[in-house]
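In what follows, a single structure is set out as structure tokens and then discussed.
Read-outs: derived from the displayed coordinates by stated rules, not from any lab. This is a predicted model, so every value here is computed, not measured. Every residue, glycine among them, receives a Cβ derived from its backbone with ideal geometry; neighbour counts consider all protein chains shown.
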Amino acid sequence: MSEISKEPTEEKSLNFIEQIIEEDLRNNKHGGRVLTRFPPEPNGYLHIGHAKSICLNFGVAQKYGGGTNLRFDDTNPVTEDTEYVDSIKNDVQWLGFQWVNEFYASDYFDSLYEYALVLIRKGLAYVDESTSEQMAAQKGTPTEPGTNSPYRDRTPEENEALFVRMKNGEFAEGTRTLRAKIDMAAPNMIMRDPVIYRIKFAHHHRTGDKWCIYPMYDFAHGQSDSIEKITHSICTLEFIPHRDLYDWCIEKLEIFPSKQYEFARLNLTYTVMSKRKLLQLVNEQHVTGWDDPRMPTISGLRRRGYTPESIREFCDRIGVARRDNLIDVSLLEFCIREHLNKVAERRMVVLDPLKVILTNFPEGQVEICHSENNPEDPNGGIRDIPFGREIYVERDDFMEVAPKKYFRLAPGQMVRLKSAYIIKCDDFVKDEAGNVIELHCTYIENSKSGSDTSGINVKGTLHWVSVKEALPIEIREYDRLFTVEDLSTAEGDFKEHINPNSLQVITGYAEPALKEAAVGAKFQFMRKGYFCLDPDSTADHLVFNRTVGLKDTWGKVAAK
RNA sequence: UGGUGGAUGGUGUAAUGGUAACACAGAAGAUUUUGGUUCUUUUAUUCAGGGUUCGAGUCCUUGUCCGCCAACCA
């Protein structure tokens, strides 16, 4: 313990957000206060991209002695639902973060309504009766200025009366909006009199039917930040053009000046990261649900076997900057391997069995072998593994004709069975189709693991399972969901690139110790990969998800 | 073509005018009762041209390429 504090504290360079905060702290900008917020819209499940934002917002606040609010940006009742609220809260906590306040933009509907009135009275907002098509035409284009709405010059009194009637439900959906009166020639299209309130006769998941007018994002977000006195409002790059409007509202309303800062969102190879697309995958049943282990959602990764630690580590390693990026998914895989290597107990499971008969081992005899649960953990303990005359080994651990550097079984070749004996392959049996169906081997009696006096050195060590005690388990092997690295530049619809073989279900044969596993428990199946017990499991039908395979240097060599 | 934000190895992130660093991926080797882990070694004239400077990835300038913005979505 004391050693840790002695270690030279490696000066890790600050990301640009941390630099801004330190600068603000130096200038005593908010009296040393740091308050961030994580503001998801409850219209879908959180994904690994949100994890980056969560780690940033909570992480940076933690680092500087501040806090973070969880705020649901629920200004659009037609897409939002409490199901999503619950999953989001669960995911944030699972990642290891705790918010100081749980807020909802809808908590502020009354205040927001008052703010709208303020703007109206200042002559800075007006009720428009243009259709959305007309409004689009008024907008102009990036190269041509827009034109004023014919309703733009109504008096504040007129506007207030109209707005109240909107609120009272006197107008049909789509017939009126409240618009900020800014500049139809503004170079920033967002500033060309943006709609800030619209009519929706929709049931809201929290406010029910109290309202039939709802604020737009731009009229809710900055004000919500301001109401909560958020010091640093961190969002993604696509909101850069909105910053002008964010500041405009705060300035005209003369409220607490929260500031918006933008960073580049996460993109990952071989997957998509937009809620719209993820929703499509779910709805069209390309996956089994938001928590399908192939999904880049937090719930999917969790079910896949990812740990919060590994995801936080990943977010830490990818950094924070303002340039677009496409992170190699192998970095995520590295992070989960790194963590699981330290904490996951080892088990032996044969995924593609080939029977081996030890011809010199007494029939019916069971011998107990002992194996360490985790070589990386000296306190991990040991477990018993039954050994007998008939065992399974992996089918690809035998070759009739062995290539040069093949250290496994082949006629005449010797290997060690992990935690048991060295065996020698004497013979093999084929079926009529020419497939090898059985190996005949002899075991070296004085070669037992831990008390080996044989003096024999073998290059290969195999995992194995005793046939009699073998426990059949279902194994779900996952591969990347898409076949192309970069979906953003891929031709055609993203669904054309779905990997048809992203899931393979097989039956594996496990050592009996695995029977005790609890749902979510994570193991390394030796020489195969990391697996965790899926919630679909029952007492006599265990289902394991492959989280990630082990690095396979032989596989690469063999492929050549 | 209007506005706006970018550009550093295959992928990310640093270097805040002073030796281009770290990680992942790849390659080679050592160790290993997991072909895992661990440990070595290896991989860049910083988008291009011009300028300022003793010195430029960093400052200035011109150009090129990429992202985002014309929802009553967030």
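When the alpha carbon gyration tensor of chain A is reduced to an equivalent ellipsoid, its three semi-axes come out at 61, 25, 20 angstrom, largest first.
Label separation (A:Arg152 vs A:Glu284): 4.2 nm, computed from points 7 Å beyond Cα along the C-beta direction.
Counting other Cβ atoms within 10 Å as a rough exposure proxy, the listed residues A:Cys532, A:Cys425 run A:Cys425, A:Cys532 from fewest neighbours to most. The label point for A:Ser488 and the one for A:Ser449, both projected 7 Å from the Cα toward the Cβ, are 4.8 nm apart. Absence of a disulfide-compatible partner, taken as no other cysteine beta carbon within less than 4.7 angstrom, is noted in chain A for A:Cys212, A:Cys235, A:Cys249, A:Cys335, A:Cys369, A:Cys425, A:Cys441, A:Cys532.
Counting pairs of alpha carbon atoms under 8 Å apart in space and at least six apart in sequence, what relative contact order in percent does chain A give?
Relative contact order, chain A: 11 percent.
Compute the long axis of helix A:48-63 from its Cα atoms, compare it with the longest principal axis of the Cα atoms of chain A, and write down the angle in degrees, 0 to 90, nearest 10. Helix A:48-63 sits at roughly 80 degrees to that axis.
Ordering A:Ser149, A:Ile199, A:Ile240 by Cα displacement along the dipole of the stretch A:110-251 toward the positive end leaves A:Ile199 in first place; charges were set at the Cβ atoms of Lys, Arg (+1) and Asp, Glu (-1).
Please report how far the C-alpha centroid of the stretch A:446-464 lies from that of the stretch A:106-136, rounded to the nearest whole angstrom. Comparing the Cα centres of the stretch A:446-464 and the stretch A:106-136, I get a distance of 79 Å. In the stretch A:451-560, the inverse of the mean reciprocal separation of distinct Cα atoms equals 16.9 Å; this is its Kirkwood hydrodynamic radius. Here the dipole of the stretch A:151-249 is about 240 debye; that uses its Cα centre as origin and unit charges on the Cβ of Lys and Arg (positive) and Asp and Glu (negative). Potential lengthening of the chain between A:Leu14 and A:Met399 amounts to 133.2 nm, from the contour at 0.36 nm per residue minus the alpha-carbon distance. Placing dummy labels 7 Å off each Cα toward the beta-carbon, the span from A:Lys495 to A:Ala518 is 4.0 nm. Among the listed pairs A:Lys404/A:Lys522; A:Lys430/A:Lys515; A:Lys495/A:Lys522; A:Lys355/A:Lys515; A:Lys210/A:Lys259; A:Lys404/A:Lys459, those whose Cα-Cα separation exceeds 24 Å are A:Lys404/A:Lys522; A:Lys430/A:Lys515; A:Lys495/A:Lys522; A:Lys210/A:Lys259. Straight-line reach from A:Lys167: taking Cα to Cα under 13 Å and skipping same-chain neighbours fewer than 8 places apart, the aspartates and glutamates in range are A:Asp110, A:Glu114, A:Asp209.
Averaging over all projection directions, the Cα-based convex hull of the stretch A:247-297 occupies 5.7 nm² in the image plane.
Structural descriptor for the stretch A:456-560: relative contact order 28 percent, calculated from alpha carbon pairs under 8 angstrom and at least 6 residues apart. Beyond 30 Å in Cα-Cα separation lie the following of the pairs A:Lys29/A:Lys139; A:Lys139/A:Lys277; A:Lys275/A:Lys556; A:Lys63/A:Lys551: A:Lys29/A:Lys139; A:Lys275/A:Lys556; A:Lys63/A:Lys551. Between A:Gln62 and A:Ala321, the FRET efficiency from the beta-carbon distance, with R0 = 22 Å, is close to 0.60. For the stretch A:322-393 versus the stretch A:34-84, the spacing of their alpha-carbon centroids is 38 Å. Residue by residue, the stretch A:410-424 carries 3J(HN,Hα) couplings of 7, x, x, 8, 10, 9, 9, 8, 3, 6, 10, 9, 7, 10, 10 Hz when phi is fed to the Karplus relation 6.51 cos²θ - 1.76 cosθ + 1.60 (θ = phi - 60°); x denotes Gly or Pro.
Relative contact order of the stretch A:34-110: what whole-number percent is it, with Cα pairs under 8 angstrom and at least 6 residues apart?
40
Neighbour counting of Cβ atoms within 10 Å sorts the residues A:Ser451, A:Ser274, fewest neighbours leading, into A:Ser451, A:Ser274. To the nearest 10 degrees, how steep is helix A:308-318 against the longest Cα principal axis of chain A, on a 0 to 90 scale? Long axis of A:308-318 versus the principal axis of chain A: about 70 degrees.
Within straight cross-link reach of A:Lys424, meaning Cα distance under 12 Å, which aspartates and glutamates are found once same-chain residues fewer than 8 apart are removed? Of all the aspartates and glutamates, those that pass the test against A:Lys424 - Cα under 12 Å, at least 8 places apart if same chain - are A:Glu445. Helix A:243-253 and the long axis of chain A differ in direction by around 40°, with both axes built from C-alpha atoms. Size descriptors for the stretch A:313-404, from the alpha-carbon set: Rg then Dmax equal 20.8, 68 Å. In units of the rule-of-thumb radius 2.2 N^0.38 Å, the stretch A:340-454 shows an alpha carbon radius of gyration of 1.15. Taking +1 at the Cβ of each Lys and Arg and -1 at the Cβ of each Asp and Glu, which of A:Thr297, A:Ile250, A:Met273 sits farthest along the dipole of the stretch A:248-379 towards its positive end, judged by Cα position relative to the Cα centre? Towards the positive end, the residue furthest out is A:Ile250.
Each part gets one Cα centre, and for the stretch A:520-535 versus the stretch A:86-100 those centres are 25 Å apart.
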